[in-house]
Amino acid sequence: MKIIKVTDAIAGGRVAFEVFREKVLAGAKVLGLATGSTPEELYKQIVASDLDLSELTSVNLDEYVGLSAENEQSYAYFMKEHLFAEKPLKASYLPNGLAEDPTAEAARYNQLLSEYPVDVQVLGLGRNGHIGFNEPGTAFDSVTRVVDLEPSTIAANARFFEDESQVPRQAFSMGIANIMSAKTIILMAYGEAKAEAVKGMIEGPVTESLPASVLQNHPNVVVIVDEAAASLLS
Ligand code: GLP
């Protein structure tokens with residue numbers, strides 16, 4: 001793991017953009033994208049840049065079960081707002097939150113991922129160490145499926161909804177094995193609320209109890225953290 005410490009999320013987004021840009025210029029064709037507040041500055045930088053993504057394909061990590069792409073809280077909507085409307089790609093894929101047959105939808109997504117192996121995966125970090133929506137206890141050999149969200153994740157994400165009761169209880173998420181297949185991974189984490197998870201991810205044992213710790217086994221990970229998120233590192 002390469003660890004880069006920055007002063008704040010703005011500086012982090014700029015550093016992430018430089019790594020991202022280098023990979024795209026070097027020929028990356030498939031982007032694995034993430035939502036949440038963490039990658040917002042990276043997406044701003046991409047939109048403001050002259051980087052041409054029109055020949056690239058993206059696959060997103062996850063989507064809430066039950067939300068349509070038109071729902072403002074859906075990850076499809078987030079991606080359109082923050083990136084795709086301004087910087088369209090050749091094709092962009094997310095799981096379909098309204099799929100009638102969730103098992104078939106997960107299988108479709110795994111098939112898609114085998115057709116589009118990810119070159120650069122962007123990741124945020126959950127407060128409990130989750131990546132995508134792979135909550136603590138997720139098997140390292142997991143692939144895309146429907147997951148139950150932890151109460152702490154529902155509470156953390158409630159800030160984007162009218163109230164906590166509106167937060168979906170389930171999501172489609174790429175699995176740990178899907179994430180680990182990416183050639184390069186850029187993980188960003190900002191703020192004190194992420195400090196415990198950052199410490200476990202970097203200095204703790206590799207354990208399914210802290211999903212992000214699996215990244216210690218990946219050959220090409222760049223971790224970008226601000227001072228608050230890095231505050232518990234020794
Ligand atoms: C959600 C997403 C994750 C994201 C995490 C952190 O649970 N599924 O992909 O990394 O939240 O969100 P934030 O960046 O808003 O702190």
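The values are calculated or read from the model by the stated rules, or taken from the named source; none is laboratory data. Source: prediction; values computed, not measured. FYI the Cβ positions are ideal-geometry reconstructions off the backbone, even for glycines, and counts take in every protein chain you see. The protein model used for the area step is the full one, side chains on, heavy atoms only, and it has no ligands, DNA or RNA in it. Shrake-Rupley method; radii C 1.70, N 1.55, O 1.52, S 1.80 Å.
Here are the numbers for this structure:
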{"read-out": "Share antiparallel - DSSP beta bridges, the chain, percent rounded to 5", "value": "25"}
{"read-out": "Over 25 Å between alpha carbons, listed pairs 5/183; 2/199; 29/87; 2/44; 5/90", "value": "5/90"}
{"read-out": "Value of relative contact order over region 1-83, rounded to a whole percent, pairs C-alpha under 8 Å and six or more apart", "value": "30"}
{"read-out": "Relative contact order of region 132-234, pairs being alpha-carbon contacts under 8 Å that are 6 or more residues apart, as %", "value": "32"}
{"read-out": "Mean Cα-pair separation over length for region 35-188, i.e. relative contact order, pairs under 8 Å, 6 or more apart, %", "value": "28"}
{"read-out": "For q = 0.07, 0.09 Å⁻¹, Debye-computed log10 I/I(0) when each Cα of the chain counts as one equal scatterer", "value": "-0.19, -0.33"}
{"read-out": "Principal semi-axes in Å for region 1-110 [√(5λ), Cα gyration tensor, largest first]", "value": "26, 16, 14"}
{"read-out": "For region 104-215, with +1 on Lys and Arg beta carbons and -1 on Asp and Glu, the positive-most of 171, 120, 132 along the dipole", "value": "120"}
{"read-out": "The chain, accessible surface, carbon-and-sulfur percent (1.4 angstrom probe)", "value": "49"}
{"read-out": "Whole-angstrom Cα spans of region 38-174 along principal axes, big to small", "value": "41, 33, 28"}
{"read-out": "Check: the chain dipole with +1 on Lys, Arg Cβ and -1 on Asp, Glu Cβ, in debye", "value": "660"}
{"read-out": "Theoretical ellipticity at 222 nm over the chain - DSSP helices of four or more residues, -39500 (n - 2.57) apiece, nearest 500", "value": "-8000 deg cm²/dmol"}
{"read-out": "Extreme residue, positive dipole direction of the chain, given options 20, 65, 198 (C-beta unit charges)", "value": "20"}
{"read-out": "Solvent exposure of the chain as accessible area per residue, Å², 1.4 Å probe", "value": "44"}
